[in-house]
1. Mind checking whether some residue in segment 74-95 is β-branched (Val, Ile, Thr), open to solvent by 20 Å² or more (accessible area, probe 1.4 Å), free of Cβ contacts under 8 Å to residues at least 60 places away in the same chain and under 22 Å from Trp19 (Cβ atoms)?
2. Looking at Val54, is it within 26 Å of Asp120 (Cα to Cα), open to solvent by less than 50 Å² (accessible area, probe 1.4 Å) and not in a helix (DSSP H, G or I)?
3. Determine whether Val70 is touching a residue at least 60 places away in the same chain (Cβ under 8 Å) and not in a loop (DSSP other than H, G, I, E, B).
4. Could you look through segment 33-50, keep only residues that are of a type in the set (A, V, I, L, M) and open to solvent by less than 20 Å² (accessible area, probe 1.4 Å), and pick out the one that is nearest to the chain's Cα centre (by Cα)?
5. How many residues does segment 24-47 hold that are assigned to a helix (DSSP H, G or I) and more than 15 Å from Ala89 (Cα to Cα)?
6. Can Ala64 be described as exposed (fewer than 11 other Cβ atoms within 10 Å of the Cβ), over 17 Å from the mean Cα position of the chain (by Cα) and over 27 Å from Gly117 (Cβ atoms)?
7. Does segment 116-135 contain any residue that is over 22 Å from Tyr10 (Cα atoms), assigned to a strand (DSSP E or B) and open to solvent by 50 Å² or more (accessible area, probe 1.4 Å)?
Amino acid sequence: MTVLVPGAGYKVESPLLYWPAEQLRDRGWQVQAIRWTDDDEPGDDPHGFAARAVQQAFAEFPHADHRLIVAKSFGTFSIPWAEEAQVPAIWLTPILTDDVIRRTLAETSNPDLLIGGSKDKSWATAALSETAPTFVDILDANHSLEVPND
């Protein structure tokens with residue numbers, strides 16, 4: 001089972017989440033999408049907010065053989081939960097400027113994949129541990145992983 005976790009202003013129907021979801025479905029994965037509403041407010045605890053949403057999504061399918069998270073931007077605040085629950089993930093434009101996320105990724109044992117753009121201010125890969133997950137750095141890409149004039 002895969003849980004899709006959107007960004008704050010980036011819906012699960014947007015390309016960076018839509019296409020991976022389609023590929024996973026084509027390969028037999030159950031895909032559960034989280035959708036934020038206007039009433040959803042993380043308050044002072046974005047990590048807890050994202051973690052509760054992901055945990056609830058997985059709880060709806062407790063007997064899944066395999067689990068995976070595909071998250072964009074704000075959704076990557078669930079990284080500490082994923083590490084603790086040992087759920088591997090694909091983190092799209094993770095918020096690497098967040099101390100909790102950086103510390104978790106420096107110590108992770110999950111075979112995660114992180115994808116970001118060199119022109120994204122939240123893609124701060126310098127000084128991360130060499131044992132951190134696999135990184136894909138898209139040259140000149142912004143926070144939407146778009147490259148100007150490409």
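1. Among the residues of segment 74-95, at least one is β-branched (Val, Ile, Thr), open to solvent by 20 Å² or more (accessible area, probe 1.4 Å), free of Cβ contacts under 8 Å to residues at least 60 places away in the same chain and under 22 Å from Trp19 (Cβ atoms), which makes the answer yes.
2. no
3. Yes: the conditions hold for Val70.
4. Ala50
5. Result for segment 24-47: 4.
6. When the stated conditions are applied, Ala64 does not pass them.
7. Within segment 116-135, one or more residues are over 22 Å from Tyr10 (Cα atoms), assigned to a strand (DSSP E or B) and open to solvent by 50 Å² or more (accessible area, probe 1.4 Å).
Conditions tested, residue by residue: (1) at pLDDT 90 or above; (2) in contact with a helix residue (DSSP H, G or I) (Cβ under 7 Å, 6 or more places away or on another chain); (3) of a type in the set (Ser, Thr, Tyr).
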site: Thr76; (1), (2), (3): yes, yes, yes
site: Pro94; (1), (2), (3): yes, yes, no
site: Thr97; (1), (2), (3): yes, no, yes
site: Gly116; (1), (2), (3): yes, no, no
site: Asn149; (1), (2), (3): no, no, no
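The values are calculated or read from the model by the stated rules, or taken from the named source; none is laboratory data. This one's a predicted model, so the numbers in the text were calculated from it and none came from an experiment. When we count neighbours, we look across all protein chains shown, and the Cβ atoms used for this are built from the backbone with ideal geometry, even at glycine. Quick note on the areas: whole protein, heavy atoms, side chains included, nothing else; ligands and nucleic acids left out. Shrake-Rupley method; radii C 1.70, N 1.55, O 1.52, S 1.80 Å.
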